[in-house]
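The values are calculated or read from the model by the stated rules, or taken from the named source; none is laboratory data. This structure is a prediction, so every number in the text was calculated from the model and none was measured. Don't worry about glycine lacking a Cβ; one is built from the backbone with ideal geometry, like all the others, and counts go over all protein chains shown. All accessible areas refer to the heavy atoms of the entire protein, side chains included, with ligands and DNA or RNA removed. Shrake-Rupley method; radii C 1.70, N 1.55, O 1.52, S 1.80 Å.
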Amino acid sequence: MSSRQDRQRSSQRRSRIAALAARLMAEDGIGDLGLAKRKAARNLGLPEGAAMPEDSEVEVELRTYQRLFQDREQQARHQHLLRTAARLMATMQHFNPYLTGSVLDGTAGRYAEIDIQLFPDSAKEVEIFLLNERIDYRHSLPRTDRAEVVLTILSDDTVANLVVYPRDQERVSTRKRDGRLRERARLATVNELLAAGCTLER
């Protein structure tokens, strides 16, 4: 088989993985791109170590799937999550909140969780605030070593993760696994998105 045919087959496999990973994220609520790609490859019967699509390829497929099969549902869910995020950010304004993740970029679906970054003087300060406000929370496992703690709360039947970072990390830009800059937004921007009925990328 020629190298050109090899490249074509590899490209086709990547496209199939990306499409199935997107469907798994949309239908089954898988929130981790890497996990969705690995599960898609297994479901397709591809060998361990098969070439995987870039995260951006899966995100394109996810937007396409949501637009074709979940458009009204996804838009309504996304607007609900944005409104909930805005209320939480207003409540947590003292801790310099930023919205990030799928609720910001517009890919939030049926089972999406809200991710809000906080930059207080100390993580304990946030916990004391939540206790004083009678807001129930639980500790969750941080996804990055940079985070001090993740406090998960239930708001309007929605899961929200308050990801607490040291204050001096606020000006540090972070990137996704594929090198793209991880977007984040302050409350004013979230309110603008709500008023416009859109997101940063839609």
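Comparison of Arg110, Arg180, Arg184 shows that the only residue that is touching a Phe, Trp or Tyr at 6+ places or on another chain (Cβ under 8 Å) and either β-branched (Val, Ile, Thr) or closer than 19 Å to Leu33 by Cα (or both) is Arg184.
Looking across the range 153-177, the residues that are loosely packed, with under 11 Cβ neighbours inside 10 Å and either in contact with a helix residue (DSSP H, G or I) (Cβ under 7 Å, 6 or more places away or on another chain) or not aliphatic (A, V, I, L, M) (or both) come down to Asp157, Asp168, Arg171, Ser173, Arg175, Arg177.
Of Leu81, Leu44, which residue is at pLDDT 90 or above and touching a Leu at 6+ places or on another chain (Cβ under 7 Å)? The match here is Leu44. Evaluating Pro120 against the criteria (1) in a loop (DSSP other than H, G, I, E, B); (2) of a type outside the set (Asp, Glu); (3) surrounded by fewer than 18 Cβ atoms within 10 Å (Cβ to Cβ) leaves one unmet condition, (3). Residue count for the range 101-117 satisfying the condition of being open to solvent by 10 Å² or more (accessible area, probe 1.4 Å) and either touching a helix residue (DSSP H, G or I) at 6+ places or on another chain (Cβ under 7 Å) or at pLDDT 95 or above (or both): 6. Considering Glu59, Glu54, the condition of being within 22 Å of Arg143 (Cα to Cα), open to solvent by 80 Å² or more (accessible area, probe 1.4 Å) and touching a residue at least 40 places away in the same chain (Cβ under 8 Å) is satisfied by Glu54 alone.
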